[in-house]
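Since the structure comes first, as C-alpha cells, the remarks are kept for the end.
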Amino acid sequence: MKYRSVRTAFVSCLFVVLCATTTVQAQDAFLDLLQSELQREYTSLQQQDPPAYFLSYRVVDDFSSHVSASFGALTASEESHNRGATTQVRVGDYATDNTREIRGSNSFDFDFPIPANLPLDGNENGTRLVLWNASSGAYRKAAKKYQQVKANTAVKVEAEDKSDDFARDIKIESYEEPVLDIAPLKPDRAAWERALKKISAVFLECEHIFRGSASLSFGVERKYIVTSEGSRIAENRTSARVMLNATIKCDDGMELPLYQSYFAFKVSDLPSPDVMLADAKKMVETMRAMREAPVTEPYTGPAMLSGRAAGVFFHEIFGHRVEGHRQKSESEGQTFKKMEGKSVLADHMTVLFDPTRRSFEGQDLNGYYVFDDEGVRGQNVEVVGKGVLHDFLMGRTPFEKHPTSNGHGRAASGYDPVSRQSNLIVTTADPVAPANLREQLIEECRKQEKEYGLLFADVQGGFTTTGRFMPNAFNVTPTEVYRVYVDGRPDELVRGVDLVGTPLVMFSNITAAGNDPEVFTGTCGAESGGVPVSAISPSLLVSQIEVQKKSKSQERAPLLQRPDRDNSTTQPSKRTY
C-alpha cells in the first residue's frame, strides 16, 4: 500500500521535533548518503502537483550463501550479494492519500514489485542516480493512483471506516547498529558440501523416495530505512537454516512429502551434522510406513494437534485475521473487527505477537526484529488475553480506534509494508500433561461415539483466505497423522488428509492445551511478500475438526527403476563428469 503527507511547514516541524529520540551506536556513510538524496528528492517532489507529503527509502543489503545436495550429490554451492532499494511516495495527506482502496474495482495491478539494484560498492553518483530514477517512477505511479482515489471517493457510497490513511502519531527514531564483518560469520562451504551430501544420501535407502535433498541457506542482511519524517534506521539480521526434504510415491499415485528443518541466527548454533543424519534416517523409516498407511476418509470429530501443528493452525486461522490493514479494507472479511472486548478463545488462553523475543527455551526465533519495515520499533502485542480479544497487529495503516502502529508493518524487499505477523506465542494458564490431554481426547471420542480421534503430529504449512469474495476458510497441510483408537489399539499412521474449516467455528472448539510448547519456523507469504516468522504453541485438544481428502497425482509410480537400484545399469559411483 501507499500513503501520504501534509504540507511542507508541518512536515519540517515534525522532522525537527520528532527526531529527538536517538540511539546512535556507529556511523555508516551509506546511511548519510541515503538521507542526503532523500532530502534532495523530497524537496523537489513537494513542489509537484499534486505534492508528495511522504518519501521513504528502504534498502536491504543482502549477502547469502547456499549449499544443497540431492541423493548424495552436490547440486548447488554459491554465494551472492545484492543491494536493493524500495521507494515509497505518498501523495495527498495523512487523511486521504494514494494508498486508499479503490472500492468496487476488480482490476489487478500486474506490476511485480522489484527492488531497484544499487551499486554494491556504495558509489555515490551511481547510488544517487538509481534513487533519483526510482523516486521519479514511484511519484508518477502515486500521483496517478491518487487521482483514481479521488474519483472513486466522489462516486461511491461513504466508506465504512473513516480513519486516516497513514498514522501520524508515531515515535521517530534514529538507530544505527555497527556494520557486521561477514567473513567470520560465513559457513565453511566445503565442510557443508561434505555434510549435506552424506545426509541427502540417506534418502537412497528407500527405493520409493523420488525426491531427497538437504540444503543450507545462510544470510546476512543489513536493512536501511530513511524517511522524510526523520526516521534513520540501520539494523542487521543474520540467519542460518538447514532443510531436509523428501517425497515418496505411493502405488495409488499419492505423493507424500516429509520435512525437517533447523534454524539459528548463527551457523555455529545449528545442530551437528550427526544429529541431522540421524533425523534423516528417522524420516526414511517414517516415509516407508507412510507409504503403506491407509488413506483416511473425510472425518469430523475430536483431534489433538502437536505444538508445531497448533502453531501453524493459529498462524493461519487467527494471525492473518488480526492484521490491522485487513480491518480497514472493505474487500476483507474482517472476522474479528467487531469482537474487541469479547471472548474468542477459552478463558485460559493468551495469544501474543512479540518481535522483541529473540529466543524461546534456547531456540532462536525467526520473527525477531528491532524495527519493522516502516521504521517503527517492534512491540510485544497481547492480542488475546484470558480468552478476550484486546488488540490487533498494526502497521501505519490505521482503522477505527487504532490510530497508530505497534511495529508490525513488514514487507519483503520491493514491496510496500502492511501489517504482518512476527513471533506468534500461544500460552495457557491451565496446562495439561500430554498423557492427560490424550486421555481427554479419548474421552471426547467416547462422548461423540467415535471409534477414534486424530493426532496431527506434524505439518508442512498451510494457507487461508480472508476476503469477502470467497469463503473465509483455512487449510493446514499435515504430513504425519495418526488415528488414536478408543479401544486401546495402537495408534495407526494414516495418509491423505487436509485439515480444513472456518475460523470462528474452529476457535470455539478448542477446549484444552498442553504443557509442551514447540516452535515452528517459516516464511509467511502475503501481499507484501515473504517475511520470516515463528509460531510457538503447546499441543491443543479440539473437540470438533474436519478433514477432507488430500488432492493427489493421477500419475502411476515411475515405470523405470531408479538408476541406483537398476542392476542392469553400469554404476558410475566413483566417477564424476
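Key figures
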read-out	value
Percent of Cα-Cα distances greater than 17 Å, calculated over region 264-309	66
Within straight-line cross-link reach of Lys144, aspartates and glutamates at Cα separation under 16 Å, skipping those fewer than 8 residues along the same chain	Asp49, Asp93, Asp97, Glu101, Asp109, Asp111
Percent accessible area from carbon and sulfur atoms, region 69-164, protein chains only, probe 1.4 Å	52
Ordering of 54-63, 270-279 by packing [mean C-beta count within 10 Å, highest first]	54-63, 270-279
Computed over region 91-238: relative contact order in percent, which uses C-alpha pairs under 8 Å that are six or more apart	25
Those lysines that a straight Cα-Cα span of less than 18 Å connects to Lys156, excepting residues fewer than 8 apart in one chain	Lys145, Lys328
Separation between Cα centres of region 471-494 and region 392-406, rounded to whole Å	38
Relative packing of peptides 394-402, 183-191, 234-242 - highest average C-beta neighbours within 10 Å first	394-402, 234-242, 183-191
From the C-alpha gyration tensor of region 405-470, square roots of 5λ in Å	37, 18, 12
Euclidean distance of C-alpha centroids, region 520-543 and region 341-369, integer Å	11
Distance violations [Cα-Cα > 29 Å] among Lys150/Lys337; Lys141/Lys223; Lys186/Lys550	Lys186/Lys550
Protein accessible area in region 476-528, 1.4 Å probe - carbon and sulfur %	52
Helix 8-18 axis, angle to the chain major axis (alpha carbon atoms, nearest 10°)	60
Value of [θ]222 nm, deg cm²/dmol, for the chain, DSSP H segments ≥ 4, -39500 (n - 2.57) each, nearest 500	-7000 deg cm²/dmol
Acute angle (nearest 10 degrees) that the helix 29-45 long axis makes with the longest principal axis of the chain, alpha-carbon atoms	60
Accessible-area composition of region 221-341, carbon plus sulfur, in percent [1.4 Å probe]	50
Region 477-530 - Rg over Rh from alpha carbon coordinates, Kirkwood radius	1.04
Equivalent ellipsoid dimensions for region 154-236 as semi-axes, Å, which come from the Cα gyration tensor, largest first	48, 27, 7
Computed over the chain: relative contact order in percent, which uses C-alpha pairs under 8 Å that are six or more apart	16
Degrees between helix 124-155 axis and first principal axis of the chain (Cα, 0 to 90, nearest 10)	90
Centroid-to-centroid separation of region 189-204 and region 256-276 [C-alpha atoms, Å]	13
Solvent-accessible area per residue, Å², over the chain with all protein chains present [probe radius 1.4 Å]	44
Rh (Kirkwood; distinct C-alpha pairs) - the chain, Å	25.9
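The values are calculated or read from the model by the stated rules, or taken from the named source; none is laboratory data. A quick note: this is a predicted structure, and the numbers were derived from the prediction, not measured. Glycine gets a Cβ as well: all are built from the backbone with ideal geometry, and neighbour counts include every protein chain shown. With ligands, DNA and RNA removed, areas are computed over all heavy atoms of the protein, side chains included. Shrake-Rupley method; radii C 1.70, N 1.55, O 1.52, S 1.80 Å.
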